[in-house]
1. Percentage of Cα-Cα pair distances in the stretch 13-127 greater than 23 Å, rounded to whole percent?
2. Report the accessible area of Asp15, computed with a 1.4 Å probe over the heavy atoms of all protein chains in place, in Å² rounded to the nearest 10.
3. Under 17 Å from the Cα of Lys149, which aspartates and glutamates turn up, not counting those fewer than eight places away in the same chain?
4. Got a sec to turn the phi values of the stretch 16-25 into Karplus ³J(HN,Hα) couplings, 6.51 cos²θ - 1.76 cosθ + 1.60 with θ = phi - 60°, whole Hz, x for Gly and Pro?
5. Ignoring ligands and nucleic acids, what accessible area does Thr76 show with a 1.4 Å probe (Å², nearest 10)?
6. Report the net charge of residues surrounding Trp40, where surrounding means a beta-carbon distance below 13 angstrom and charges are Lys +1, Arg +1, Asp -1, Glu -1.
7. In a shell of Cβ-Cβ distance under 15 Å around Ala116, excluding Ala116 itself, what net charge do Lys and Arg (+1) and Asp and Glu (-1) give?
8. In a shell of Cβ-Cβ distance under 12 Å around Ser50, excluding Ser50 itself, what net charge do Lys and Arg (+1) and Asp and Glu (-1) give?
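The values are calculated or read from the model by the stated rules, or taken from the named source; none is laboratory data. Model, not experiment: these values are computed from the prediction. A quick note on method: Cβ atoms are made from the backbone with ideal geometry, for glycine too, and the neighbour counts reach across all protein chains shown. Accessible surface areas use protein heavy atoms only, side chains included; no ligands, DNA or RNA. Shrake-Rupley method; radii C 1.70, N 1.55, O 1.52, S 1.80 Å.
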Amino acid sequence: MMASLSSLASGPSFDGLTLEPAHLHPELLDACADLINQEWPRSRASRLHSLGQSSDSFPVCLALLGPPLAPGALPTVLGHSRLSRVAAHEHSLLVETVVVARALRGQGFGRRLMEATEAFAKARGFHQLHLTTHDKQHFYAHLGYKLGKPVQGVAFSSPRSAAIFHAFSQLASPPEPKAPRPCRKTARTPSTSDSRPGPNLPPAPPSPPPLLSPLLSPPALSPTGSPQQSLVETPYRDIRGRPIFWMTKEI
Ligand SMILES: CC(C)(COP(=O)(O)OP(=O)(O)OC[C@H]1O[C@@H](n2cnc3c(N)ncnc32)[C@H](O)[C@@H]1OP(=O)(O)O)[C@@H](O)C(=O)NCCC(=O)NCCS
């Protein structure tokens, strides 16, 4: 008899969860795409393309898997996260696209997903995770993440993606009077075939491109010299001007 998705939250199956790289389970890519599209709708082709970039040498898409809902069925995709290398931080990874199936939220799967993602990164020699969030900063803080500064993930597949990073890194209010725009070279756009292995293995990612002027000219600074931020207020904005929190955790 087929079980319901929510029944996975109780009973022995709860302890039978695994976190698996999506590229090792091509048969589960459709389910991963559906799960992510539940939250952030995009065309299936585009979503499958992103998932298809997953590799052992990063970025890697990770699926939180539970037991099949019916005998002989595929494992159930309960959650997803993605890890990318961080430019100029060879021991860091950027966590993105964290999502738990709607029907299962609030039952501990988000914690399991994040803990397993952290264990995955740590086992590969990484010491620090970074992420951004619009509104889940309290969830991440509860799991030990602290407010942090922007970093650049090495997972961009197009100049537009790199531009999005810069937009996500922008501080809310440039100082007055406006500082002159510093000279800078054109930002390098890392390729999708960027396949540098972990810190135990060869070379670190290249240095990031020079920061945009808003980052070079921060607004109000705290006594420590960092932009003022809290779990209710952030100096950073996304491409649409919405507040975005940068968070980090040592693992
Ligand atoms: C964010 C998300 C992954 C959390 O998953 P979840 O399964 O609902 O979370 P859990 O039930 O595992 O919660 C884990 C812990 O965090 C706490 N928590 C969850 N949401 C919280 C919140 N908004 N604020 C504070 N604490 C929160 C829970 O109380 C729980 O605490 P406990 O383990 O000490 O009992 C899930 O809600 C989701 O997929 N949301 C939509 C996608 C999204 O916004 N992703 C984040 C993008 S940055």
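1. 26 percent
2. It works out to around 120 Å².
3. Of all the aspartates and glutamates, those that pass the test against Lys149 - Cα under 17 Å, at least 8 places apart if same chain - are Glu90, Glu96, Asp135, Glu233, Asp238, Glu250.
4. For the stretch 16-25, the Karplus curve yields x, 7, 9, 10, 10, x, 4, 6, 8, 9 Hz.
5. My reading of the accessible area for Thr76 is about 20 Å².
6. +2
7. +2
8. Summing Lys/Arg as +1 and Asp/Glu as -1 gives +3.
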